[in-house]
Every structure is written in structure tokens, then in C-alpha cells.
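Each remark here refers to the structure printed beneath this line.
The values are calculated or read from the model by the stated rules, or taken from the named source; none is laboratory data. Not measured: the values here are computed from a predicted model. Every residue, glycine among them, receives a Cβ derived from its backbone with ideal geometry; neighbour counts consider all protein chains shown.
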Ligand SMILES: [Zn+2]
């Protein structure tokens with residue numbers, strides 16, 4: 001049971017404890033009642049259980065029973081009040097939480113859990129996607145992006161670019177540290193997704209200097225400056241290329257099509273659908289003198305005579321009959337970040353936009369990071385923890401399982417995470 005031990009809930013909790021204990025203490029020590037570790041671990045626990053009322057309920061248990069689940073499961077010595085928690089989390093720089101993403105990743109790597117994510121030989125597919133996680137007309141902080149809406153009102157927003165490792169055959173995604181799209185003091189122009197995406201590339205390389213990476217992304221990224229940035233980071237790419245954004249390249253492709261220089265392959269699957277692939281290597285990305293040369297491919301899924309899916313991409317990987325269907329699977333795989341990561345956050349109970357507060361400095365982003373770390377921990381448990389997998393099966397939906405977990409820890413005290421799972425799986429009369 002070697003694997004279980006190093007990727008167990010306790011192992012992940014210890015990784016987080018080490019990161020939280022390392023946070024810089026800027027308060028006067030005489031006034032400190034709750035350590036930074038306890039404050040951040042309490043915040044993480046709220047996200048882990050998706051329960052904004054968690055601290056209150058655990059304080060009640062503590063008052064009545066001199067014991068609580070934050071202490072037993074998360075090693076929190078003293079539970080802060082919600083307002084204290086917000087004030088303290090607000091003041092800590094968001095980048096101090098980033099090592100936790102690298103440490104979770106390293107734990108997976110050590111246990112050879114990344115093997116399942118190998119793509120096109122030795123590579124790993126890392127998808128980039130931008131998303132908003134906060135929008136309001138009333139609440140804002142200095143890091144908010146501002147947008148003027150039609151009625152002249154200012155809307156405040158927070159956006160991030162999220163990178164995540166994924167594989168067409170794997171349900172779980174492995175999030176890397178996200179990068180905020182944010183306003184910084186003195187910058188006259190607002191930040192944007194592309195600039196933030198470039199910072200993400202640098203960050204990925206810093207954290208994983210030797211990992212063979214293929215960056216996947218939508219049409220926003222298939223522009224020369226971004227591709228050059230990917231190549232400078234010694235990475236490959238599979239990026240959506242919409243014909244309207246690439247007029248010169250498409251003229252080129254269409255000319256070659258007429259000359260029968262574009263390769264074509266068709267196959268039929270067991271469901272009777274037809275997959276049509278077309279590709280050509282070495283085409284200019286644009287009409288610039290110094291244009292990047294790239295490889296272009298297009299795909300149609302035809303079901304009962306109708307086009308069910310159609311898209312086109314560019315890649316630096318030379319395309320052949322052997323890898324074209326895998327390249328398409330990789331190109332299509334990027335949807336998972338929208339649907340699995342963010343929709344999980346939005347629809348399956350990860351109420352990040354509400355409930356937890358916005359703050360004056362870093363609170364909004366730090367809560368987002370703690371939430372993403374909780375999501376990451378859940379993904380690891382799904383991948384590696386037999387007991388958790390058994391619970392997922394037994395309770396059907398994720399929501400049902402977590403409802404049971406939330407209620408259980410409000411009423412009873414459990415010595416550890418495993419006992420909690422065992423109890424809800426096989427309830428007993430008395431404990
Ligand atoms: Zn803000």
C-alpha cells in the first residue's frame with residue numbers, strides 16, 4: 001500500500017501544512033492568536049468541504065466537547081473567527097500559495113501517477129484556458145479588472161488563466177498554479193489573457209524545467225507572438241486556428257487543396273460515424289515576412305450525414321497518418337478545462353463567487369487558490385484513494401457524497417479522514 005500512503009489525505013494535508021507554515025508572518029507576535037497555518041488550513045478545510053459555515057459548527061463542537069474535526073482531521077490548533085480569517089488571508093501574497101501546486105504535482109510524479117497522462121509518446125498535454133471567477137457592480141478591490149458596460153456602469157471582474165495537465169482518456173485533470181489576469185499599480189494598460197498566458201508559460205517552465213509539454217489552447221493563442229513564447233520555453237503546441245483569424249494561412253491551405261497537396265484520411269467507427277481528417281505540413285501562419293511556419297489540420301465528425309463536430313488547429317508537431325487522430329484527440333481535449341474544472345467549480349457545489357468574501361487585497365484570489373487546491377486534492381483522491389473511490393460509487397453523485405460528509409462532521413467528531421469515509425460508507429449504531 002505504498003502508493004496510498006504517499007498520496008493519502010494525510011500526506012496531502014502534510015504537504016499543505018508545510019506550505020502554510022512557511023508563509024511570512026507580518027503580524028506583531030504578541031497579538032497573534034491564530035497561527036497562519038491554522039488560518040489557511042481552516043480556509044482550505046472550508047473549501048475541501050465546500051462549507052462556508054464549517055468554522056462555526058466546529059467551534060460549537062469545541063465548546064461542547066473540547067474537541068473538533070478541524071483539529072483531528074486538519075491539525076488546526078485554534079479556529080479563527082470568520083472575520084479574522086478573512087482579514088489575515090487578505091494580506092498574504094497569492095504567489096506564496098503556489099508551491100502547494102508544485103508539491104502536489106511532485107507527489108503524483110514520485111508515485112508514477114503521471115504515466116497515465118503520457119500523450120504522443122513521452123509528452124504531456126497541458127491545456128490553457130481563461131475564465132472569470134468573480135463579477136460585480138458593487139464589490140471591488142485594487143486587483144479587479146474594470147469593464148464599462150453599455151449603461152455606463154463599471155463592472156468589476158477577476159479572471160485567471162488556468163493551466164491543467166490532461167489526457168483524452170482520463171477523467172481527472174491535474175491543475176497547475178493559475179495566473180491572475182489583474183491590474184497592477186502603475187500599469188497604464190489593463191492586463192489581458194494573452195499576457196497572463198505568457199506568464200503562465202514561464203511559470204510552468206520554472207516549476208517543470210524538463211517536462212516534455214504540449215500546450216493546448218483555443219483560437220486566442222494561435223498568434224505568432226504567443227507561439228514564439230511557447231517555442232522559447234522549449235514546448236510544443238496544438239492550438240485551435242479559426243479560418244477567420246488566419247486568412248493568409250487559409251488561402252495557402254486552400255490553394256494546396258486544389259493542387260491535391262493536402263492529405264486526407266477517413267475512418268468509420270463502431271457507432272457508424274465517419275471521422276474525416278485533413279492536414280498539411282509547413283504552411284505560413286500569416287503573411288508577415290518573418291512568419292512562423294506551422295502544420296495545419298482539420299477534422300469533421302459526421303454522424304448520420306450531418307457534421308456533428310468540426311474544428312481546425314495548428315501544431316509544430318509534424319503530422320502524418322500515424323498521429324493525426326491522436327492530434328485531433330489532443331486538440332479536442334482542451335474542452336475539459338471548461339467543462340470539468342470550471343463547471344465543477346460552478347455547478348457541483350464549489351461556490352467560490354459567493355459566500356466567502358472579496359477582501360481589500362488578495363482575499364478573492366487566495367480563496368480561489370485554496371479552492372483550486374481543494375479541487376486538486378479531490379482529483380488526487382479520485383485517482384488514488386480506494387476508499388474515496390468506493391464512496392464516490394456508493395453515493396452516486398459528488399453532491400450527495402459531500403452532503404453526507406458535511407452533515408456528518410457537524411454532528412460527530414472523527415479521528416481522521418479515513419474513519420469519516422468508513423463511517424458514512426458503513427454506518428454503525430454507536431461509536
Ligand atoms: Zn477584486
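Restricted to the stretch 156-248, the set of strands (runs of 3 or more DSSP E) holding at least 3 residues that are more than 16 Å from the chain's Cα centre (by Cα) comprises 236-240.
Just the residues that are farther than 21 Å from residue 371 by Cα and within 16 Å of the ligand (Cβ to nearest atom), please, taken from the stretch 154-170. Let's see the steps before the verdict.
First, pick out the residues of the stretch 154-170 that are farther than 21 Å from residue 371 by Cα: 154-155, 167-170.
Answer for the stretch 154-170, where residues must be farther than 21 Å from residue 371 by Cα and within 16 Å of the ligand (Cβ to nearest atom): 154, 155.
Taking first residues from the stretch 131-145 that are within 6 Å of the ligand (Cβ to nearest atom) and partners that are part of a strand (DSSP E or B), the Cβ contacts under 6 Å between residues at least 6 apart in sequence or on separate chains come to 140/156; 144/156. Scanning the stretch 108-155 for residues being touching a strand residue (DSSP E or B) at 6+ places or on another chain (Cβ under 9 Å), closer than 30 Å to residue 230 by Cα and in a loop (DSSP other than H, G, I, E, B) gives a total of 3. Of the numbered criteria (1) out of contact with any helix residue (DSSP H, G or I) (no Cβ under 8 Å at 6 or more places or on another chain); (2) free of Cβ contacts under 8 Å to residues at least 40 places away in the same chain; (3) under 20 Å from residue 416 (Cβ atoms), the one residue 65 fails is (2). Among the numbered conditions (1) closer than 22 Å to residue 12 by Cβ; (2) buried (at least 20 other Cβ atoms within 10 Å of the Cβ); (3) modelled with pLDDT under 90, the only one that residue 364 does not meet is (1).
Can you spot a residue in the stretch 286-295 that is loosely packed, with under 12 Cβ neighbours inside 10 Å, at pLDDT 95 or above and touching a strand residue (DSSP E or B) at 6+ places or on another chain (Cβ under 8 Å)? The answer is yes, given that some residue of the stretch 286-295 is loosely packed, with under 12 Cβ neighbours inside 10 Å, at pLDDT 95 or above and touching a strand residue (DSSP E or B) at 6+ places or on another chain (Cβ under 8 Å).
So that you can scan it fast, the table gives a plain yes or no per residue for (1) closer than 28 Å to residue 213 by Cα; (2) in contact with a helix residue (DSSP H, G or I) (Cβ under 8 Å, 6 or more places away or on another chain):
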site	(1), (2)
249	yes, no
256	no, no
264	yes, no
279	yes, yes
307	no, no
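When residues of the stretch 249-268 are filtered for being in a loop (DSSP other than H, G, I, E, B) and either touching a strand residue (DSSP E or B) at 6+ places or on another chain (Cβ under 7 Å) or surrounded by 12 or more Cβ atoms within 10 Å (Cβ to Cβ) (or both), how many remain? Spell out the reasoning first.
Our first condition is that a residue be in a loop (DSSP other than H, G, I, E, B); within the stretch 249-268, this holds for 259-262.
If we keep only those that are either touching a strand residue (DSSP E or B) at 6+ places or on another chain (Cβ under 7 Å) or surrounded by 12 or more Cβ atoms within 10 Å (Cβ to Cβ) (or both) too, we end up with 261-262.
Residues meeting the conditions: 2.
Confirm whether residue 5 is free of Cβ contacts under 8 Å to residues at least 60 places away in the same chain, assigned to a helix (DSSP H, G or I) and either in the same structural domain as residue 370 (by TED's automatic domain parsing) or closer than 30 Å to residue 399 by Cα (or both). If you could, list the steps in order and put the result at the bottom.
Details: free of Cβ contacts under 8 Å to residues at least 60 places away in the same chain: yes; assigned to a helix (DSSP H, G or I): yes; either in the same structural domain as residue 370 (by TED's automatic domain parsing) or closer than 30 Å to residue 399 by Cα (or both): yes.
Judged against the criteria, residue 5 is a match.
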